[in-house]
Amino acid sequence: MSILIIAEHDNAEIKGATLNTLTAAAKMGDSVDILIAGSGCSGAAEAAAALPGVRSVKLADSAEYANQLAENVAPLLVQLAGDYSHLVAPATTNGKNLMPRVAALLDVMAISDISDVVDADTFERPIYAGNVLSVIKSNDATKVITVRTTKFAAAEAAGGSASIDSIDGSGDTGLATFEGQDLTQSDRPELTSAKVVVSGGRGMQNGDNFAMLDELAGKLNAAVGASRAAVDAGFVPNDYQVGQTGKVVAPDLYIAIGISGAIQHLAGMKDSKTIVAINNDEEAPIFQVADYGLVMDLFDAVPQFTAALD
Amino acid sequence: MKILVTCKRVLDPYVKARVKADGTGVNLDNVKMAMNPFDEIAIEEAIRMREAGKADEIVAVSIGAAKTEETLRTALAMGADRAVHVVTEDDIEPLGVAKVLKSLVESEQPGLVIMGKQAIDGDSNQAGQMLAALLGWAQGTNVSNVELDGDTANITREIDGGLERLALKMPCVLTSDLRLNEPRYASLPNIMKAKKKPMDKKPIDELGVDTAPRQTLVSVSEPPPRAAGVKVASVDELVDKLKNEAQVI
């Protein structure tokens, strides 16, 4: 088995999701390479080379990969695929955008969002918003996989010394042009890797009230998330969304505030170790998954909670 | 311009999925079914493009057994002009779906394909990207805004860190995210009119594409439920439990 991980990175450094993906890849086989496709990305390549257990880093540093457009990166992976039994990426928006395109070009099925590795060909993955776990065996020669990062522990980030091999770019397809990004600025920890997450729902009533959650999150060194209802209502940006089609989180502590607990929201947080729900509706479905439920008006409860942490 | 939109018949999103007693799959007998919510958004976007004068025909496509016709009638009632029902009793994997759609794109020659970003049953999030790959087209996944400008689709995508803006060469494949629009409800007169709109039935075998499965289902199961929690009476009790019982703060 020979595995190629497609790193999540921003050219300067590798993102945490890559470390979880490395843990998953190591369960598929013991020859693991990492691809850094970017532009001016030697920093990310050096970080990847320091990961323990990595055989070599493939560095594709070329202008057409600057924004990691799937149209340009997919042909590179097709060139490299012959040397590998598994192509593996985290199930981030990047990985989910890229890997099915690669799979179709290789005429294989992709295996999305795996939650466990049974053996080199067999994988567990959640379906129906995580209400059902399926185990599937792939009969394709090349496995093209995305990994649910919350289901695999992060690998160590230092201690290794893999070689870095430069590879040529595959050219710009000219199909898509990057025009810009609007990234949410926050001092808080990143949502998918935070140990504590404080999430608000429709009960927050407006975006300004999320300042209250920021204050609580500050005391807990927590990330702030939201339900789909709060994002749809425009209270907070889309990248706050926790749920079936948003982000999947599994922190040590998840605090759901003013969230009713729709199936698609539970799909994104029910693997959290401890769940707290604060809601004034005692019938809210969120209480069925909460370890600790507090039936109380959130506008009374949250300031008291914040004050109690002083 | 012609727009091809896709829709899948799935378990209603508000119904909890249950595994069949014999463990061979999810029970879909005698349960409420609906159009995949992301596909409703895709269809709505196509209709708005036609209303804005950017498109003149919307063709809705679905793949599935006889009752898939109901889902396509919903698409027609929302405003699609005609429907193509690719008839099969089998579950077609995303790669097979992409191959079927490629064959239809070659015969229909649309200027744009709009799909849902994922179906809420399999949660694969693959078919749109695969179709774009097979056609050699650009792909705009998870789109929350689309502006058509001649041969270019200027799109905004929802990504992990926020939003990304791309200019895509058309024809291209777009997949809808939640914030793209709010789909309309079909009105009663439009539901009546939809019954007379054309629906082309194509047995999947006649398309001559390989839709044989590449994966074997080993098992399905329901994850163990969380142990029942407790209600606390006050914030002080909550903080005490979190500190001393759960030891998470």
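The residues packed around A:GLU13, meaning those with a beta-carbon under 14 Å from its beta-carbon, carry a net charge of -3 if Lys and Arg are +1 and Asp and Glu are -1. Relative to the longest principal axis of the Cα atoms of chain A, the long axis of helix A:16-26 makes an angle of roughly 60 degrees.
Any of A:LYS195/B:LYS241; B:LYS169/B:LYS202; A:LYS273/B:LYS243; A:LYS151/A:LYS270 with alpha carbons more than 20 Å apart? Name them for me.
Details: A:LYS195/B:LYS241 18 Å; B:LYS169/B:LYS202 30 Å; A:LYS273/B:LYS243 14 Å; A:LYS151/A:LYS270 12 Å.
Those over the limit are B:LYS169/B:LYS202.
Model label points for B:ASP29 and A:ALA158, set 7 angstrom from Cα along the Cα-to-Cβ axis, are 6.0 nm apart.
Note on B:ASN145/B:GLN247: beta-carbon distance plugged into 1/(1 + (r/R0)^6) with R0 of 51 Å gives a FRET efficiency of 0.70.
Measuring nothing but protein heavy atoms, the accessible surface of the protein assembly as shown at 1.4 Å probe radius is 47 percent carbon and sulfur. For B:LYS195, the aspartates and glutamates whose Cα comes closer than 14 Å to its Cα, not counting residues fewer than 8 places off in the same chain, are B:GLU69, B:GLU70, B:ASP81. List the residues of the stretch A:116-130 that lose 50 Å² or more of accessible area once all protein chains are present, compared with their chain alone (1.4 Å probe, heavy atoms only, no ligands or nucleic acids). Correct list: A:TYR128. Under 5 Å between amide hydrogens, built in the peptide plane, is the criterion, and for A:GLU8 it picks out A:LYS15, A:THR18 among residues at least 5 positions away or on other chains.
Using a probe of 1.4 Å, the accessible surface attributed to A:ASP83 totals some 110 Å² when neighbouring protein chains are kept in position. Applying the criteria of a DSSP loop state and at most 12 other Cβ atoms within 10 Å to the trypsin sites (Lys or Arg not before Pro) of the stretch B:153-249 yields B:LYS195, B:LYS196.
Total Å² of accessible surface buried at the A-B contact, 1.4 Å probe, nearest 100? Don't skip to the answer; put the middle values down first.
On the way: alone 14380 and 14460 Å², together 22190 Å².
In total, this chain pair buries about 6700 Å².
For the stretch B:2-245, the per residue solvent-accessible surface stands at 44 Å², with DNA, RNA and ligands left out and a 1.4 Å probe. Against chain A, whose longest principal axis comes from its Cα atoms, helix A:298-308 is set at around 80 degrees.
Peptides A:4-15, B:34-45 ranked from most to least packed, by the mean per-residue count of other Cβ atoms within 10 Å: B:34-45, A:4-15. Put simply, the amide H of A:GLY225, placed in the peptide plane, has neighbours under 5 Å in A:VAL198, A:SER199, A:GLY200, leaving out anything fewer than 5 places away on its chain. Taking the alpha-carbon distance from A:LYS58 and a cut-off under 22 Å, which lysines remain once sequence neighbours fewer than 8 residues away in the same chain are dropped? A:LYS58 reaches A:LYS15, A:LYS27, A:LYS96, A:LYS143. The residues of the stretch A:2-166 have, on average, 31 Å² of accessible surface per residue, using a 1.4 Å probe with all protein chains present. Could you tally the net charge around A:ALA308, taking each other residue with its Cβ under 14 Å from the Cβ of A:ALA308, Lys/Arg +1 and Asp/Glu -1? Local net charge: -3. Shown is the FRET efficiency for B:ALA228 and B:LYS169, computed with R0 = 56 Å from the Cβ-Cβ distance and rounded to the nearest 0.05: 0.55.
Adding -39500 (n - 2.57) for every DSSP H run of four residues or longer, then dividing by how many residues chain B holds, sets the calculated 222 nm ellipticity at -7500 deg cm²/dmol.
The calculated Kirkwood hydrodynamic radius for the protein assembly as shown is 24.3 Å, given to one decimal from all distinct C-alpha pairs.
DSSP beta bridges in the stretch B:2-245, what fraction antiparallel, as a percent rounded to 5?
Values: 18 of 46 bridges.
In the stretch B:2-245, DSSP labels about 40 percent of beta bridges as antiparallel.
With helices as the sole contributors, chain A gives -7000 deg cm²/dmol at 222 nm; each DSSP H run of n ≥ 4 counts as -39500 (n - 2.57), and the sum is divided by every residue. Computed 3J(HN,Hα) for the stretch A:227-241, one whole-Hz value per residue from the Karplus formula 6.51 cos²θ - 1.76 cosθ + 1.60 where θ = phi - 60°, is 7, 4, 4, 5, 6, 4, 6, x, 5, 9, x, 4, 6, 7, 6, glycine and proline marked x. Projected label points at B:ARG184 and A:PHE299, each 7 Å from Cα along the beta carbon direction, are separated by 3.7 nanometres. With both labels modelled 7 Å from their Cα along Cα-to-Cβ, the A:GLU283 to B:GLU70 distance reads 2.7 nm. What translational diffusion coefficient, in µm²/s and rounded to a whole number, does the Stokes-Einstein relation yield for chain A at 37 °C and a viscosity of 0.692 mPa s, taking the hydrodynamic radius as the Kirkwood radius over Cα pairs? In µm²/s, the coefficient is 160.
The values are calculated or read from the model by the stated rules, or taken from the named source; none is laboratory data. Treat the numbers as computed from the prediction; the structure is a model and nothing was measured. When we count neighbours, we look across all protein chains shown, and the Cβ atoms used for this are built from the backbone with ideal geometry, even at glycine. Calculation scope for accessible area: heavy atoms of the full protein, side chains included, ligands and nucleic acids excluded. Shrake-Rupley method; radii C 1.70, N 1.55, O 1.52, S 1.80 Å.
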